[in-house]
Amino acid sequence: MVQVQAQPDASRPIAPEKVREGIDLTVNGERFVHTGDPQMPLLWYLRDVLRLTGTKYGGELSGADLVLLDGKAVPAMGVPMARLAQRKVTTVEGLAGADGSLHPLQQAFIDEDAIGCGYCTPGWLIAALDLLNRKPRPSDDDIDQLPVLCRCGCHTRVRRAIRRVANGGQS
Amino acid sequence: MSAGVQLSRRRFLQVLAGTAGALVIGIPLAEAADPPLPPALLGDDYRGLGAYVRIDSDGNVLIGTRDPDTGTGTSTALPRIIADELDADWNRVGVIPLGLGVDNRNGQPFWRYGHQTGGLGDSIPAAWADLRQAGALARWLLTQAAARRLGVPAERLRCQAGTVIAPDGRRFGYGDLAEAASKIALPTAPLPLKSPDRYTLIGQPAGDVDARALVTGQSRYAIDSDFAGALVAVLAHCPWHDGSLGTIDTADALAVKGVVKVVQLRPEANRLPGQTVRAPAVAVLAENTWAALQGRARLKLRWQPGASGSAGSAALEQQATDLLDDKNATGQLVRSDGDVDSAGKKAARRVEATYFQPWLAHATPEPMNCLVRLDKDRATLVVPTQAPQQAWAVVQRLTGLAPDQIEIQVPRVGGGYGRRLDHDYVAEAVMLAKAVDKPVRLLWTRQEDLAQDFYRPASVQRLNAVVDRKRNLIAWTQRVASASALAGRGVPDDRLWASELQADQLPAGLVPNYRSSWYRLDSPIPRGPHRGMPHLANAFAAESFVDEIAHALKENPLDTRLRLLGEPRQIPLANGGTLDTGRLANVLRLVAERIEWKNWLRSVNGLGIACWHVNGAYVAHAVEAALQGEKLGIVRAVCAVDVGRVINPLGLEGQVAGATLDALSAALNLAVTFKDGQVQQHGYKDYPLAGMAQLPRAVEVIVVPGDRVPAGASFLAMPTAAPALANAVFRASAVRVRRLPLMKELLRLL
Ligand code: FES
């Protein structure tokens, strides 16, 4: 078998790639360069530019727009792109494994049916994950502090889902 | 073509032979020109047929849901009603929202699916009445096909989890039979439905069908939808719906990179609220949301107030109180039994109390938004609506298109609560798409959402009770003063009370001399339907008042209630149906037992109880509250419901727990106020929904098993939560809170 390989044309020097001006960040493990307005809040970058719509707009304090920024939950509305150079963002779309396997917390939400209309669900997941990262066995008082608003009243089922993960998958 | 199997008076099921050997059952479209609707359900060749059930040759089943799911679980419960009748294997059932089903009947809309509203508590009863027939028909056809193949009479075959099984054990999967079944002539009469002992899915717990998509962020709401080339529109609304634009300077806004256009909108004259733009507005259209928001921030606008510019909630409350104090004022009589006045002569004891409840906003988690594309002869919309048929009417009027040229998709909706029965935001989006000749993606900010609502009106209620020497409650008067939510909505003046009072609400029917009446206030503040109205407000007043009567009589409030309910019996209701006092007493006893009511006097924490009935369903709450200094803790919340047959116990438990928490959240913290006609709440900072710390850590839900026609439960558990809490707070603190929001009033009184 003959293998054909593309040979670089040695007669012409390779021009160095132009450095792209912009903000270099990682979202769900993928690298992106934002070249638009540095003041654009991360929320609109995710939703409008990357079309990652799992992170919701619910308004200030709603918690629907929480994302993990270097592992810590922050409202994406309040973070301008300018602050994200070399930072790592994880959204609800990035919680499952590449093979589609769910994070134990996602599975616990399904098992406890911790879902109403579902609009706040990404917020709960991110907030709870941040808590579990800091404290693998959180107390009820810790869980009480989760900064998410929910009209469907999923609070009690979310609490059960978090406890389930803390107990290693047992309800 | 035969008429098919009757589904309801005007709708018939037929086999819409699908592609690739599938069996598709649904309501056919008269002329399937180029209609919309989920291709996945129908197969590419059958777009637009009003299908409910599709069985593919591989055995997979797809079921369409007609009612918008605003978080009430209908996208799980409705398909399970069909799937059970079909004897489908639930693991192989997929679910897809149908979107609006509208046909063109001589220029008039014909609603293909009949019922198509969500979040009003009637989705399950409506589905129970007709949708089971779709599953039954599919099962019948598959059984007939199997009978022919096996040479065995159909009566001797049985179905189980997606297979037809012969007496000798031979079996066929539904997929193998689908194509043959699609060629069998339909039965001539509606099919008999399963007997309840054969239910396999109904009554069994099932998680939300969208759960996986929701926890992975893949679920798309209307707010997440987009069309190629769509401009994002954000609005600056006039603070006064009847105000006007004084001056405008758009130069800075237009200078923002990405801003394309600024457009002014005005409400159309002589349109009912909710069918046109709510208030004058200036829209900034841009290539992305951030540019649009920045453009809006740079608009220089001066708004002129209209007549509502002097409206204030405090003044209106004063008017209400004055009206109830005025001996000469007359209200509209809603119900009158016996003779309240002469009953007063036998009074051994009289009790009077006045309750106040504030204005409320809907604050749907997903703010108002709408995606629209207008093509020649076609409008395509993605709308978070509870009533796609009403959204259709707005689009039709603004575009002049034929009924079936309008496609409305309704993905999962982030909460409704009645706000999405109005379609002002749809009118805005359509007007903007016309103005810019491009698809438009309209988004309201939270601040707009709170400031531009159709609010639940505040009310002042005065209750009077007369108790005779034998401690019998012999007279009850309930007078409600409010600005009706129905005013200005085409409802005749003598029916405006209907959103404010119910003729059948407790304790009507239980007290020999009973009178309820409504006192009309007028207000320029826009109002509209609100989840659980008017039960929420009235149960708080009535069920708090029963406790006050018990306290006056030095009685256990549970005993007072049980005595009032009396022997188990059926009491006819003015609105049809009956009040079953036995079922109501039962839920009351269940929560009392669970919370160990026998300790109510001794318990350090306060125990409170309340009961109510809504549309043939029964509910009771018991709450345990602890007061430490100024900190109120809800230690326990127990809720018992009796809704007849339960379709999905897990879904029902979620609804009941969720409604309990939402009602507690509102009762604890929430109020909208107006000053100079403007809303004073601008975000969640001023409209603080309760977080986990304020709410009970568990809601103990007790579901009474039953076999009656299922009643809706979407807001059933709301009315009794607040009075049970207020009653518990009274036991814990000796402070009677007669004014909501509770926390503010409690701290004032402590
Ligand atoms: S699930 Fe609807 S707001 Fe939380």
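Multiplying the residue separation of residue B:571 and residue B:251 by 0.36 nm and subtracting their alpha-carbon distance yields 108.4 nm. Dimensions of chain B along the principal axes, based on C-alpha atoms and rounded to the nearest Å, stand at 80, 75, 45, largest first.
Comparing Cα centroids, segment B:152-230 and segment B:389-452 end up 33 angstrom apart.
Sites listed here are trypsin sites (Lys or Arg not before Pro) in segment B:328-394 whose DSSP assignment is loop and whose Cβ has at most 14 other Cβ atoms within 10 Å: B:376.
Each label was represented as a point 7 Å from its Cα along the Cα-to-Cβ direction; for residue A:39 and residue B:604 these points are 5.6 nm apart. Here the alpha carbons of the protein assembly as shown define both size measures, Rg and Dmax, at 29.1, 115 Å.
On average, how many beta carbons from a partner chain sit within 10 Å of the beta carbon of a residue in A:59-68?
4
Along the Cα-to-C-beta direction of residue B:105, a point sits 7 Å from the Cα; which residues of segment B:401-422 have their amide N less than 18 Å from that point? Correct set: B:402-406. Scaling the Cα radius of gyration of segment B:344-451 by the globular reference 2.2 N^0.38 Å produces a ratio of 1.57.
Basic side chains Lys and Arg get +1 at the Cβ, acidic Asp and Glu get -1 at the Cβ, and with that the dipole of the protein assembly as shown about its Cα centre reaches some 1220 debye. The modelled label-to-label distance for the pair residue A:70/residue B:750, using points 7 Å beyond Cα in the direction of Cβ, is 4.0 nm. Between residue B:707 and residue B:491, how high is the FRET efficiency from 1/(1 + (r/R0)^6) when r is the Cβ-Cβ distance and R₀ = 25 Å? Nearest 0.05. Given R0 = 25 Å and the Cβ-Cβ separation, E is 0.10. Take the Cβ atoms of residue B:578 and residue B:129, set R0 to 22 Å, and the FRET efficiency comes out at 0.70. Counting Lys and Arg as +1 and Asp and Glu as -1 over every other residue whose Cβ lies under 10 Å from the Cβ of residue B:205, the net charge comes to -2. So what's the back-of-envelope 222 nm ellipticity for the protein assembly as shown, counting only DSSP H runs of four-plus at -39500 (n - 2.57) apiece and dividing by all residues, rounded to 500? So the helix-based figure for the protein assembly as shown works out to -8000 deg cm²/dmol. Relative contact order of chain A, taken over Cα pairs closer than 8 Å and 6 or more residues apart, is 21 percent. If you take all C-alpha pairs in segment B:238-323, what percent of them are over 17 Å apart? Value for segment B:238-323: 59 percent of Cα pairs lie more than 17 Å apart. Nearest 0.05, what FRET efficiency do residue B:734 and residue B:244 give at R0 = 51 Å with Cβ-Cβ as r? In this case the efficiency is close to 0.45.
Do you know the relative contact order of chain B, to the nearest whole percent, from alpha carbon pairs under 8 angstrom that are 6+ apart? Value for chain B: 13 percent. Would you be so kind as to identify which of B:742, B:725, B:702 lies farthest towards the positive end of the dipole of segment B:677-750, taking Lys and Arg as +1 and Asp and Glu as -1 on Cβ and the Cα centre as origin? Looking along the dipole axis, the top candidate is B:742. Magnitude of the charge dipole for chain A, about its Cα centre and with charges confined to Cβ atoms of Lys, Arg (+1) and Asp, Glu (-1), is about 140 debye.
Note the full-extension length gain between residue B:552 and residue B:333 as 0.36 nm times their separation in residues minus their Cα-Cα distance, in nm to one decimal.
76.1 nm
Here the spin labels are modelled as points 7 Å beyond Cα on the Cα-Cβ line, and at residue A:82 and residue B:322 they lie 5.4 nm apart. In this Cβ point-charge picture (+1 for Lys and Arg, -1 for Asp and Glu), segment B:395-506 has a dipole of about 560 debye about its Cα centre. Please identify the trypsin sites (Lys or Arg not before Pro) of segment B:531-586 that satisfy two criteria: DSSP loop assignment and at most 16 other Cβ atoms within 10 Å. Which are they? Hits after loop and neighbour filter: B:554, B:569. The trypsin sites (Lys or Arg not before Pro) found in segment B:150-259 that occupy coil by DSSP, while having at most 14 further C-beta atoms within 10 Å, are B:170, B:183, B:257. Restricting the calculation to Cα atoms, every distinct pair contributes to the Kirkwood radius of segment B:614-750, found to be 15.9 Å. Here, segment A:23-166 has an Rg and a Dmax of 14.8, 43 Å when only alpha carbons are counted. Remark: relative contact order (segment B:624-748) = 40 percent; criterion is Cα-Cα distance under 8 angstrom and separation of 6 or more residues.
Taking a ≥ b ≥ c as the square roots of the eigenvalues of the Cα gyration tensor, an a/c ratio of 1.5 or more together with a/b larger than b/c marks segment B:44-176 as prolate.
Where a number appears in this text, it was derived from the coordinates with a stated rule and is not lab data. Given the structure is predicted, the values throughout are model-derived calculations rather than measurements. A quick note on method: Cβ atoms are made from the backbone with ideal geometry, for glycine too, and the neighbour counts reach across all protein chains shown.
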